Amino acid sequence: MLSYLYILGKFVNLLFNIYFRAALKLVMRPPHLRVFINYFKYTLCRLLKNEIVSHTPANVVIYATKNCNLNCPFCFIGNDLNPPDGYKYQLTLEDYKKLSETGFIKNALRIGLLGGEPFLCKDIFKILELMKTQKKIITVVTNATLVKEAKLEKFQETAPDILGLSLYKSNHNDVALVYSAMKNKSILWIQTIIEATDLALIEKAIEFCLKIGCNNLRLSNFYPTYGENMDKVIFDDDKNFFRYKTAINKKYKDQIRIDWPFPIARKILKKQCLQPINYVHLDNQGAIGACFMRAPNEAIHGNVFDDNAWNGKFHIDLRRKMNSKGTECDPVCRYCENLSEDLYKI
Ligand SMILES: C[S@@+](CC[C@H](N)C(=O)[O-])C[C@H]1O[C@@H](n2cnc3c(N)ncnc32)[C@H](O)[C@@H]1O
Ligand code: SF4
Ligand code: SF4
């Protein structure tokens, strides 16, 4: 009897899993046929391990701005954050309409807004309104510090399908406020960065989630931007981390769904990141960033308004390295938790 109840519990948990609920949204509001055709081409490319592709990315995430009101020292946007001419990179409704005319947006299954801090973007609600008519999965990730009062009401009206709230030491009240206002509007998760040198943060984040009633917590491994603070990265031989994980899973079993950080391999045995064939970042002018760790940069990665933009030298090289056997990998990828296990799989 107990084991039946256990299986039933797991099944209910699966039903409320983020991906399942997002897929359900797609069934209720199916995207255009071209999105399915593009996704089919992507699946073929994945099977055949093609380096030159005939599809466009299923995931397109747009920097609503390159500016941020916080200045987290670890931020992987690095020197691309808060550029001196930042105002030029603020996404306007007109910019978004132009981007929407490209195959990149038309074919995408998911469109995300990111930054910088997306809520510094003045047109964000108008853009979200337009996005909602495009029959895509819409995602937003925010530090939650700027979404208050009238903005929060507007956000409830234009709620994305999936909302990620980043938890830092300084923004617990902001995350709690936005969580409570949005919990019945979007599929929500709280995400936070875990450092090998401060594993106690895990339990603090869990307790915070339980206090506000959130049952989806995503823990990310620390990415050492520009190779700094390597001691904070969780590696696959970190016995402390695995001990801690077992103890926490036992203690909080069935209370919360935790996506654990993927430890970085000391020795690279497999490369599984799908981002070179399924994801781009864009800025408001269409400049491409080749994956979520690479900020948009037209000179390196091209621009969506160019012909065959996603088959430039950089993209082909990145796909070749990702497909190659052995330990060769791009230096930016080396300590990225997505390298050995694609965390998104879409
Ligand atoms: C770059 S931020 C942009 C959106 C928004 N400003 C925020 O903080 O949510 C997107 C996500 O990247 C994560 N991130 C930034 N730097 C990171 C790093 N060095 N290692 C792991 N995750 C990082 C943040 O915690 C955040 O959840
Ligand atoms: S709030 Fe987000 S974008 Fe801003 S500095 Fe922190 S991680 Fe980077
Ligand atoms: S492994 Fe990380 S850095 Fe490398 S392509 Fe994938 S997401 Fe980008």
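Looking across Thr133, Thr145, one residue alone is without any contact (Cβ under 8 Å) to a residue 12 or more places away in the chain and β-branched (Val, Ile, Thr). It is Thr133. Scanning the stretch 238-291 for residues that are over 30 Å from Tyr42 (Cα atoms), charged (D, E, K, R) and open to solvent by less than 50 Å² (accessible area, probe 1.4 Å) yields a single hit, Asp238. Within the stretch 272-285, does at least one residue satisfy the condition of being touching a Gly at 6+ places or on another chain (Cβ under 9 Å), of a type outside the set (Val, Ile, Thr) and within 16 Å of ligand 3 (Cβ to nearest atom)? Yes - at least one qualifying residue is present in the stretch 272-285. Given Ile288, Ile316, which one is more than 16 Å from ligand 1 (Cβ to nearest atom) and in contact with a helix residue (DSSP H, G or I) (Cβ under 8 Å, 6 or more places away or on another chain)? Being more than 16 Å from ligand 1 (Cβ to nearest atom) and in contact with a helix residue (DSSP H, G or I) (Cβ under 8 Å, 6 or more places away or on another chain) holds for just one of Ile288, Ile316, which is Ile288. Within the span defined as the stretch 303-326, every residue fails to be closer than 20 Å to Gln191 by Cα, over 24 Å from the mean Cα position of the chain (by Cα) and in a loop (DSSP other than H, G, I, E, B). Right, Gly116: within 16 Å of ligand 2 (Cβ to nearest atom), buried (at least 22 other Cβ atoms within 10 Å of the Cβ) and in a loop (DSSP other than H, G, I, E, B) or not? So Gly116 fits the description; yes.
Contact map, the stretch 194-213: first residue in contact (Cβ under 8 Å) with a residue 60 or more places away in the chain, second residue open to solvent by less than 40 Å² (accessible area, probe 1.4 Å) and part of a helix (DSSP H, G or I), Cβ cut-off under 7 Å, separation 6 or more or different chains; pairs are Ile194/Leu201; Ile194/Ile202.
Report whether or not Asp307 is acidic (Asp, Glu) and either touching a residue at least 12 places away in the same chain (Cβ under 8 Å) or surrounded by 13 or more Cβ atoms within 10 Å (Cβ to Cβ) (or both).
no
Per this entry, Ile138 is counted among residues that are hydrophobic (A, V, I, L, M, F, W, C), more than 12 Å from ligand 2 (Cβ to nearest atom) and either within 24 Å of Glu153 (Cα to Cα) or touching an Asp or Glu at 6+ places or on another chain (Cβ under 6 Å) (or both).
Here Gly78 passes the criteria (1) open to solvent by less than 40 Å² (accessible area, probe 1.4 Å); (2) at pLDDT 95 or above except the one numbered (2).
Scanning the stretch 53-74 for residues that are hydrophobic (A, V, I, L, M, F, W, C) and either under 18 Å from Leu146 (Cα atoms) or more than 11 Å from ligand 1 (Cβ to nearest atom) (or both), we see that the one that is surrounded by the most Cβ atoms within 10 Å (Cβ to Cβ) is Ala64. When you look at Asn50, is it in a loop (DSSP other than H, G, I, E, B), in contact (Cβ under 8 Å) with a residue 12 or more places away in the chain and either away from ligand 1 (no atom under 15 Å from the Cβ) or touching a helix residue (DSSP H, G or I) at 6+ places or on another chain (Cβ under 9 Å) (or both), yes or no? Taking the combined requirement at face value, the residue satisfies it. Taking residues in the stretch 250-279 that are under 18 Å from Ile190 (Cβ atoms), and partners anywhere that are in a loop (DSSP other than H, G, I, E, B) and away from ligand 1 (no atom under 16 Å from the Cβ), the pairs with Cβ atoms closer than 7 Å and at least 6 places apart or on different chains are Ile256/Asn215; Arg257/Asn215.
Residue-wise test of (1) more than 19 Å from the chain's Cα centre (by Cα); (2) of a type in the set (A, V, I, L, M, F, W, C); (3) outside any strand (DSSP E or B); (4) under 17 Å from Gly112 (Cβ atoms).
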| position | (1), (2), (3), (4) |
| --- | --- |
| Cys273 | no, yes, yes, no |
| Gln285 | yes, no, yes, no |
| Pro296 | no, no, yes, yes |
| Ala299 | yes, yes, yes, no |
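The values are calculated or read from the model by the stated rules, or taken from the named source; none is laboratory data. What you see is a predicted model, and the numbers here were worked out from it, not measured in a lab. Neighbour counts are summed over all protein chains in view; Cβ atoms, including those assigned to glycine, are modelled from backbone coordinates with ideal geometry. When the accessible area is computed, the model is the full protein with side chains, heavy atoms only, and any ligands, DNA or RNA have been set aside. Shrake-Rupley method; radii C 1.70, N 1.55, O 1.52, S 1.80 Å.
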